[in-house]
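For reference, the structure discussed in these notes is given below.
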Amino acid sequence: MMRTLYTAQWVLPISSVPIRNGAVAVSGANIAFVGAMDALPADWHGATRIDLGVAVLMPGLVNTHTHLELTAMRGFLEGLAFRDWLSTLTRARRECFVAESLYDSACAGVEEALRNGITTCADTTESGEPLAAMRDVGVRGIGYLEVFGPNPSQCDDAIRELTVRVAARRGHDTALVRTGISPHAPYSVSAPLFTAAARLAESHQLPMAVHIAESHAESQLVRDAEGPFATALRARQIDVTKQARSPIALLEQCGVLRGRPLLIHAIQIDQRDVDCIAEHGATIAHCPISNLKLGHGIAPLRELRAAGIAVGLGTDSVASNDRMDMLGEARQAALLAALRQRSPDALAASDALRLATIDGARALRLENRIGSLEVGKAADLAAFALTSLDAQPVHDAATTLVHVLAGAQHALLTVVNGEVRVRDGVLLRSDRDRESRMHALGTRLLQWRATNQTTAPVS
Ligand SMILES: [Zn+2]
């Protein structure tokens, strides 16, 4: 079995205190030792050693919300109001992409993740291509297949079709990449479809994710049967009635919360909703930058964590972020927490890093396997260099990672399940032809926009 010893000036196990001059020993796919170099068992002295030098070595970052197939849409939807943003995205995806280009786009997204030290992606996808991309490029992940259908009359067909898609994708699941489902959101999924999707998840033991409580317009639709989503649905001859006191209450009514889903965004929630989420053991993908960029608001992170709910961080798609940088996401979470609570220590850098690692793993129910450096867990590792003068001096490695290195550099090393994917910010394996195909796709999108009035930014 392949044995490799990684050493660095700082090792951050997350589940225990930072180690100066630390070592992580990896045997095959698993971690065999974490500790100070001085304490390394003698039989590891002869192993292959990768000395990262002046760097911090930590568990791989866990991104709890991506749309990898939209990677080619970075910067494409700038400045659009949410409903126009959604409809333009949906039309452009339908008219400019085929399965191969969605696959390329997803692969480019996985490569970006790996370069940024991300070793797990929880991806919601319409096409399912990201499942193949995650498997082929080599990242750990869950691909939640989306189902849509705001008209209750579509429910049976939608579930039948989803069941077929699940069966087709699930046959290719591996120890690293797993298929799930995602009834999309209250403005795109009817109550009967939510109920049916929850039953499907339960009977097939599928992980489930839902976009929920994201916009004010969504709450208006669910609670009051009013607002822009209600108007748009009525224009499609779909009956709109008051459904529940809140989007979270709607999920509870439909039996979705019983399946302990991953709740994406969860911004428009009150204390009753928080208690309800905690009671059911559902988890959260907190996406601070996307929530800010689309103007949706700030999720009540403190209340969610105080209730004992597992909260991870997600970048969302690059069409709403526009980066896939988990350290940047951790920094934004800390800054927003400080602002919201009027306190500089509302979310310490070490806690922000927990959100980006072990708490993200808990949110995906993978905490027994990943999220911290512990003997027996999978060797999913990320390292970042501290050699730049801009990164010095280092008083606390977590603070440097979150507040100094965020967005400033690629990973020095990324390891997934014991396999090295990135060294010095460079992927060890990549498809050069994909680059030119991605450029061609970008050109195609620009041409599409030039002929489509709906993409004009709202003023
Ligand atoms: Zn999303």
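I'd like the accessible area for Ser153: 1.4 Å probe, protein heavy atoms, all chains in place, Å² to the nearest 10.
Answer for Ser153: close to 90 Å² accessible.
What does the charge count around Cys107 come to, taking other residues whose C-beta lies under 14 Å from its C-beta (Lys +1, Arg +1, Asp -1, Glu -1)?
On the way: positive: Arg115, Arg135, Arg421, Arg429, Arg432, Arg434, Arg437; negative: Glu69, Glu100, Asp104, Glu111, Glu112, Asp123, Glu129, Asp136, Asp431, Asp433, Glu435.
With Lys, Arg at +1 and Asp, Glu at -1, the neighbours total -4.
Tell me the net charge near Leu366. Cut-off is 12 Å between Cβ atoms, Leu366 excluded, with +1 for each Lys or Arg and -1 for each Asp or Glu. Can you show the working numbers first?
Working: positive: Arg140, Arg178, Arg362, Arg365, Arg369, Lys377; negative: Asp359, Glu367, Asp380.
Residues close to Leu366 contribute a combined charge of +3.
Given a 1.4 Å probe and every protein chain left where it sits, what share in percent of the accessible area of the chain is carbon and sulfur?
50
Out of residues 5 or more away from Ala348 or on other chains, whose amide H comes under 5 Å of its own, with H placed 1.01 Å from N in the peptide plane?
Residues meeting the amide H criterion: none.
Tell me whether the chain comes out rounded, prolate or oblate; compute the Cα gyration tensor, take square roots of the eigenvalues as a ≥ b ≥ c, and use a/c under 1.5 as the rounded threshold. Walk me through the numbers before you get to the answer.
Numbers: a/c = 1.71, a/b = 1.55, b/c = 1.10.
The shape class here is prolate.
For a test of the definition: using alpha carbon positions, the gyration tensor, and the 1.5 limit on a/c, classify the stretch 7-117 as rounded, prolate or oblate. Write down the numbers at each step before the final one.
Numbers: a/c = 4.16, a/b = 2.81, b/c = 1.48.
Here the stretch 7-117 falls in the prolate category.
For the stretch 142-219, rounded, prolate or oblate, judged on the Cα gyration tensor with a ≥ b ≥ c (square roots of eigenvalues), a/c < 1.5 rounded, else prolate if a/b > b/c? Can you show the working numbers first?
Numbers: a/c = 2.45, a/b = 1.50, b/c = 1.64.
Because a/c hits 1.5 or more and a/b fails to exceed b/c, the stretch 142-219 counts as oblate.
Which distance in Å, rounded to a whole number, links the C-alpha centroids of the stretch 360-417 and the stretch 278-309?
One Cα centre to the other: 22 Å.
Using unit Cβ charges (K, R positive; D, E negative) and no other charged atoms, how large, in debye to the nearest 20, is the dipole of the stretch 295-439 about its Cα centre?
Details: 17 positive and 18 negative charges, 51 e Å.
Rounded to the nearest 20 debye, it is 240 debye.
Work out the length of the dipole vector of the stretch 170-276 about its Cα centre, built from +1 on the beta-carbon of each Lys and Arg and -1 on the beta-carbon of each Asp and Glu, and round it to the nearest 20 debye.
On the way: 11 positive and 11 negative charges, 56 e Å.
So the magnitude is around 280 debye.
Given Cβ point charges of +1 (Lys, Arg) and -1 (Asp, Glu) and nothing else, what value in debye, to the nearest 20, does the dipole of the stretch 61-363 about its Cα centre take? Intermediate values should be presented prior to the final figure.
Numbers: 31 positive and 36 negative charges, 76 e Å.
I would put it at about 360 debye.
With a sphere of radius 15 Å drawn around the Cβ of Ser350, what net charge do the other residues whose Cβ falls strictly inside it have (Lys, Arg +1; Asp, Glu -1)?
Numbers: positive: Arg305, Arg331, Arg354; negative: Asp345, Asp351, Asp359, Asp396.
With Lys, Arg at +1 and Asp, Glu at -1, the neighbours total -1.
Under a crude label model (7 Å from the Cα following the beta-carbon direction), how far is His403 from Arg245 in nanometres?
About 4.0 nm separates the two model spin labels.
Taking the alpha-carbon centroid of each part, what is the distance from the stretch 97-132 to the stretch 214-259 in angstrom?
30
In square angstrom, rounded to the nearest 10, how much accessible surface does Glu100 have for a 1.4 Å probe?
That residue has around 130 Å² of solvent-accessible surface.
Quick check: pseudo-label points 7 Å beyond the Cα along Cα→Cβ at Ser15 and Ala440, how many nm apart are they?
Distance between the two pseudo-spin positions: 4.7 nm.
I need the semi-axes of the equivalent ellipsoid of the stretch 84-154: take the C-alpha gyration tensor, multiply each eigenvalue by 5, square-root it, list largest first in whole angstrom. Show your work: numbers first, answer last.
Details: eigenvalues 120, 41, 24 Å².
For the stretch 84-154, the semi-axes come out at 24, 14, 11 Å.
Just need the relative contact order of the stretch 61-363 here, percent rounded to a whole number, with Cα pairs under 8 Å and 6+ apart.
Contact order relative to length: 19 percent.
Taking the solvent-accessible surface of protein heavy atoms with a 1.4 Å probe, what is the per residue accessible area of the chain in Å²?
40
Helix-only mean residue ellipticity at 222 nm, the chain, DSSP H runs n ≥ 4 weighted -39,500 (n - 2.57), per residue, nearest 500. What is it? Intermediate values should be presented prior to the final figure.
On the way: 15 runs with 166 residues, N = 459.
Mean residue ellipticity, 222 nm, calculated: -11000 deg cm²/dmol.
The values are calculated or read from the model by the stated rules, or taken from the named source; none is laboratory data. No experiment lies behind these values; they were computed from the predicted model shown. Note that each Cβ is placed from the backbone with ideal geometry, even for glycine, and that neighbours are counted across all protein chains shown. What goes into the accessible areas is simple: the full protein's heavy atoms, side chains included, and nothing from ligands, DNA or RNA. Shrake-Rupley method; radii C 1.70, N 1.55, O 1.52, S 1.80 Å.
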